[in-house]
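Bear in mind these aren't lab numbers, they're just calculated from the coordinates by the rules spelled out. Not measured: the values here are computed from a predicted model. Every residue, glycine as well, gets a Cβ built from its backbone with ideal geometry; the counts of neighbours run over all protein chains shown.
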Amino acid sequence: MRELGEHLRNHTEDYRAAVQQRLFERVWQSRQVFALSSAQTHLDLAPAIAWVLEKSDGQGTVPPDVLERLSLLGRQHRRFGFPPEIYSEFQDCLIDGLEVLALTSYQHDIAQRVITTICQTMAESAASADSKGIPAAHAARVVAVARPNRHTAVIRLESSEALHYKPGQSYSVNSAYLPGVWRLLTPAIPADPTGQLIFHLSVCGDASRSLAGSQPGDFWTLGNPQGDFLPHHPQRVVFLCFGTGWAAVRAFLLSLVEAGNKVPCTVFAVADSPGEHYDTEFQANLRALAPWINLRLLVREKDDPWLLGAQPAAEATHFELAADPVDVLLAQRPHNPHTIVVVGPGAEVDGAKERLVAGGVSESDIETHGWSDGREWDPQFREEWEAWRAWTRTWTQP
């Protein structure tokens, strides 16, 4: 049903507004959970449903791999605090909202069938997680806020319980400064038995600026960890991280050090200028503690811009000027097989992957973790995700 999915994508705003209006009218508590501004609420609603429609057959049957994804969403969306029973109300809102699309009776029946499957699958998944006693969300208190430069914030939090996540996984995060808005952040340290968390924020939008304005004593709400970061345990790794993409790499490297696992790693950490490298004290200590990690700091410009307000770099820190970081990686990439992991803003990650493939790197040797900015439900993006998932199922665990 690709044509139906495409039609929904072409009327994303109309459908989202219709569904949101009905939801706010029928489920009053949703006004306290979701942002009242339609510009910030349910941004992925229409694209997500469109993707499911595109993957379903002409009878509205949803394939198993899509049901798997919907089950995951059902577990993740428990963070909003609604009981599984709310999905019946949500289902009605989604179906009633179809009237703005001017569908034929056949198209309406297919869309209704798919929406019913979506809501039933997510409700069953949420109920199953509830019955297993899996927490829907976690609370953490801000204990320290640092601003190493005007574009970056480092937030340290403390939870009353130990949080369990794998290095490189991310949390959906919400605070009183972001009513109804969630942002995906990656801890910069491995899971800590004392409940400590550190997040690195790139202050580049309203949401991140609001989170960066947190003060000690504020509380954040976190969903459950999500994502896979190097799940196949490669023998050799090259990291290319842009900006605060360093946080995920940092957590992974720390986990290797703590486990005494000397996997050969080369890290190309990229920033626009020296002052944008905000974690040089830690990086200097990491070099001393784990000399088998080759950490290189690349900058596109040798001088910082005015008013960056950067803290001084650690003593003896060396920055390499590189207009195109991918060229540096390709020129010095070892000939033996390596997994190349690219982390950072979606546009930079996508561009780097294209350059790597053009430079002769096999796509199967590249793992990307880009902040998708809503692209995860685009047809091409989802096809790549499915191919990656199929590939991971072929891996053998050590």
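Below is a table of values for the structure above.
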item	result
Cβ-derived FRET efficiency at R0 56 Å, GLU6 paired with SER131, nearest 0.05	0.90
Burial ranking of peptide ranges 88-101, 115-128, 237-250, 314-327 (average Cβ count within 10 Å, highest at the top)	237-250, 115-128, 88-101, 314-327
Label-point gap, in nm, between LEU307 and ASP350 - each point 7 angstrom along Cα→Cβ	3.1
Selected from GLY227, ALA248, SER30, residue furthest toward positive end of dipole (the chain; charges at beta carbon)	ALA248
Separation between Cα centres of the stretch 213-283 and the stretch 309-325, rounded to whole Å	17
Potential lengthening between HIS233 and ASN294 on full extension [0.36 nm per residue; Cα-Cα distance subtracted]	20.1 nm
Extension gain from THR194 to THR104, taking 0.36 nm per residue of separation minus the Cα-Cα distance	26.7 nm
Which labelled figure in [x] 68, 47, 33; [y] 67, 55, 47; [z] 69, 49, 43 is Cα extents along the principal axes in Å, once derived from the coordinates	[z]
Test item: Cα-centred dipole of the chain, Lys/Arg +1 and Asp/Glu -1 on Cβ, debye	880
Cross-link reach list, aspartates and glutamates versus LYS302, counting only Cα pairs under 19 Å and skipping chain neighbours closer than eight places	ASP272, GLU276, ASP279, GLU315, GLU320, ASP324, ASP327
The stretch 78-133 versus the stretch 177-200: alpha-carbon centroid distance in Å	29
Estimated FRET transfer efficiency when R0 is 25 angstrom, pair ALA316-ALA259 (beta carbons, to 0.05)	0.35
With Cα atoms, 0 to 90° folded angle of helix 45-55 axis to the chain main axis	80
Distance in nm between pseudo-label sites at GLN120 and GLU13 (7 Å out along the Cβ direction from Cα)	3.5
Within the chain, percent of DSSP bridges classed antiparallel, to nearest 5	50
Charge-dipole axis of the stretch 138-222 as Lys and Arg at +1 and Asp and Glu at -1 on Cβ define it, positive-most pick from ALA188, HIS200, HIS151	HIS151
The stretch 252-337: C-alpha gyration tensor shape, a/c 1.5 cut-off, then a/b vs b/c	oblate
